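Let me begin by presenting the structure, written as structure tokens, before commenting on it.
The values are calculated or read from the model by the stated rules, or taken from the named source; none is laboratory data. Predicted model, so just to flag it, every value in this text is computed and none were measured. A quick note on method: Cβ atoms are made from the backbone with ideal geometry, for glycine too, and the neighbour counts reach across all protein chains shown. The protein model used for the area step is the full one, side chains on, heavy atoms only, and it has no ligands, DNA or RNA in it. Shrake-Rupley method; radii C 1.70, N 1.55, O 1.52, S 1.80 Å.
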Amino acid sequence: MMPWNRDQMAARAAEELQDGMYVNLGIGIPTLVANHVGDKDITLQSENGMLGMGPFPYEGEEDPDLINAGKQTITELPHTAYFDSATSFGMIRGGKIAAAILGAMEVSEEGDLANWMIPGKLVKGMGGAMDLVAGVGRVIVVMDHTNKAGQSKVLRACTLPLTGKAVVNRIITNLGVLDVVPGGLRIVELADGVTEAELRAATEATIVA
Amino acid sequence: MKKVYATADAALDGLLHDGMFIAAGGFGLCGIPELLIDALVRSGVKDLTIASNNCGVDGFGLGKLLETRQIRKMISSYVGENAEFMRQYLSGEIELEFNPQGTLAERMRAGGAGIPGFYTRTGVGTVIAEGKEVKTFDGQDYILERGIVADLSIVKAWKADDTGNLVFRKTARNFNPPAAMCGRVCVAEVEEIVPRGSLDPDHIHLPGIYVHRIIAGQHEKRIEQRTTRKKETA
């Protein structure tokens with residue numbers, strides 16, 4: 001079995017993006033998606049109040065007034081626009097952002113997403129994740145198919161507190177691509193060298209033909 | 001109508017009382033009212049409820065008010081950068097109300113705009129919806145969230161004129177306009193106060209009607225995550 005690595009998962013996620021889209025990328029592997037958009041005209045939204053997010057600044061050119069939602073220093077582009085947080089989430093809640101690509105701890109076969117809290121362990125907060133998954137046009141999850149203990153993260157039902165209920169459209173993992181459809185998940189694509197049997201074995205959720 | 005004060009302490013004089021509710025602008029450490037936070041520390045005002053997207057970091061921003069135990073409750077979307085916050089939260093010393101980030105921003109905007117509540121899809125089917133009214137519009141469930149009205153707003157802008165018209169810079173705008181709007185009184189700190197007529201009226205981000213007192217001062221503007229790339233050599 002030759003699962004996709006982080007960069008290959010990001011490259012596959014970038015294929016989801018079409019010319020002209022306004023997109024929000026989460027922290028982790030989703031951030032790497034920006035490296036794979038090629039010639040496509042994609043405008044990145046940062047929910048702290050920016051459309052048209054540029055790359056990291058050159059050393060010595062960091063501006064404390066210019067950060068992304070991960071609090072990292074970034075740069076602006078010629079078409080950048082800034083706005084306040086209420087306006088930012090207005091465009092998110094209002095469905096103006098075409099897609100959000102974000103990481104997850106668990107996804108269920110009904111499209112439920114858990115990615116913000118592990119009771120008793122991780123209580124940092126949901127940030128803008130709940131608003132994003134409830135508001136944007138399409139929610140694409142990018143994550144490893146299993147956790148470090150080898151247990152499936154693609155479940156019949158999430159065990160962790162939800163970020164959103166029935167919000168995920170597509171799941172891209174190191175083993176392949178799955179869509180949330182009525183009755184369960186449909187296999188869209190297998191990672192190179194991964195068999196359907198291997199993907200099914202790593203998936204707790206119902207897979208429909 | 002004189003809005004310009006000499007110091008942060010003078011600008012907060014007469015506005016503070018124990019147990020009060022403060023809305024603060026800023027995202028992470030970007031665009032936070034650091035001078036007014038320092039003045040709150042010096043004032044000793046306590047049992048504060050603070051609505052702010054984050055709670056600073058250990059030893060900077062709102063983290064300073066944590067160290068002095070002046071905060072009773074935070075209303076925030078993310079507090080992950082602060083070990084002292086976690087310690088006080090897990091030991092029950094501080095209360096925490098998580099709000100999704102957009103819900104928090106809209107609660108402030110709505111409160112300032114005279115809207116006591118609004119329905120949103122954000123949080124439907126999650127712990128955030130517990131105890132809240134659910135209403136169905138066009139076959140879709142929404143939850144009722146309340147507008148926020150704070151006793152005091154503290155915000156940071158780039159420039160102000162002497163009437164309180166504010167201009168922000170880049171992503172340091174963030175929560176500052178909605179936080180300013182939701183306060184019964186708003187104190188703004190800026191990098192520069194210019195005479196009226198110096199700002200282009202078409203380029204005002206927040207009209208002075210929302211801003212009651214102003215101070216200018218030096219800001220540390222600490223960077224939370226310094227990320228850079230190398231210049232390609234030609």
| remark: Residues of the range A:140-158 being over 13 Å from residue A:102 (Cα atoms), away from every other protein chain (no Cβ under 14 Å) and open to solvent by 10 Å² or more (accessible area, probe 1.4 Å), in sequence order, are A:146, A:147, A:148, A:149, A:150, A:151, A:152, A:153, A:155, A:156
| Are any of the residues in the range A:94-108 out of contact with any strand residue (DSSP E or B) (no Cβ under 8 Å at 6 or more places or on another chain) and modelled with pLDDT of 95 or more? | yes
| message | I'm trying to understand the selection: among the residues of the range B:46-61, which are away from chain A (no Cβ under 14 Å) and open to solvent by less than 10 Å² (accessible area, probe 1.4 Å)? | response | B:48, B:50
| remark: Sole miss for residue B:86 among (1) buried (at least 19 other Cβ atoms within 10 Å of the Cβ); (2) among the aliphatic types (A, V, I, L, M); (3) within 10 Å of chain A (Cβ to nearest Cβ) is condition (1)
| field | Candidates B:215, B:223, filtered to the one that is touching a helix residue (DSSP H, G or I) at 6+ places or on another chain (Cβ under 7 Å) and touching a residue at least 60 places away in the same chain (Cβ under 8 Å) | value | B:215
| message | Considering only the range B:135-146, I want to know if a residue exists there that is farther than 30 Å from residue A:166 by Cβ and open to solvent by 40 Å² or more (accessible area, probe 1.4 Å). | response | no
| request: Go through the range B:212-224 and give me each residue that's part of a strand (DSSP E or B) and under 19 Å from residue B:173 (Cβ atoms). | output: B:214, B:215, B:216
| request: Could you identify the single residue in B:112, B:217, B:117 that is within 15 Å of the chain's Cα centre (by Cα) and modelled with pLDDT of 95 or more? | output: B:112
| Could you say whether any residue in the range B:66-79 is within 14 Å of another protein chain (Cβ to nearest Cβ) and assigned to a helix (DSSP H, G or I)? | no
| Matching residues in the range A:161-193 - criterion: being over 15 Å from residue A:141 (Cα atoms), open to solvent by less than 10 Å² (accessible area, probe 1.4 Å) and of a type in the set (A, V, I, L, M) | A:191
| remark: Counting only residues that are closer than 30 Å to residue A:75 by Cβ, open to solvent by 40 Å² or more (accessible area, probe 1.4 Å) and more than 9 Å from every other protein chain (Cβ to nearest Cβ), the range B:168-203 contains a total of 8
| the range B:98-117, residues that are among the hydrophobic types (A, V, I, L, M, F, W, C) and in a loop (DSSP other than H, G, I, E, B) | B:113, B:115
| query | Which residue out of B:50, B:32 is within 28 Å of residue A:48 (Cβ to Cβ), assigned to a strand (DSSP E or B) and β-branched (Val, Ile, Thr)? | reply | B:50
| said: Looking only at residues that are facing chain A (nearest Cβ under 9 Å), among the hydrophobic types (A, V, I, L, M, F, W, C) and over 16 Å from residue A:135 (Cβ atoms) in the range B:89-109, which one is surrounded by the most Cβ atoms within 10 Å (Cβ to Cβ)? | reply: B:108
| task | Check whether at least one residue in the range B:2-17 is modelled with pLDDT of 95 or more, assigned to a strand (DSSP E or B) and within 16 Å of residue A:71 (Cβ to Cβ), and report yes or no. | result | no
| Quick one: which helices (runs of 4 or more DSSP H) sit completely within the range A:1-107 and have at least 3 residues that are within 28 Å of residue B:176 (Cβ to Cβ) and within 11 Å of another protein chain (Cβ to nearest Cβ)? | A:85-93
| Among residues of the range A:72-87, those that are surrounded by fewer than 22 Cβ atoms within 10 Å (Cβ to Cβ) and of a type outside the set (Val, Ile, Thr), counted | 7
| remark: Apart from one, (1) crowded, with 21+ Cβ neighbours inside 10 Å; (2) of a type outside the set (A, V, I, L, M); (3) closer than 28 Å to residue A:125 by Cα all hold for residue B:161; the odd one out is (3)
| request: Kindly indicate whether any position in the range B:28-44 is touching a residue at least 60 places away in the same chain (Cβ under 8 Å), closer than 26 Å to residue A:65 by Cβ, within 14 Å of chain A (Cβ to nearest Cβ) and β-branched (Val, Ile, Thr). | output: yes
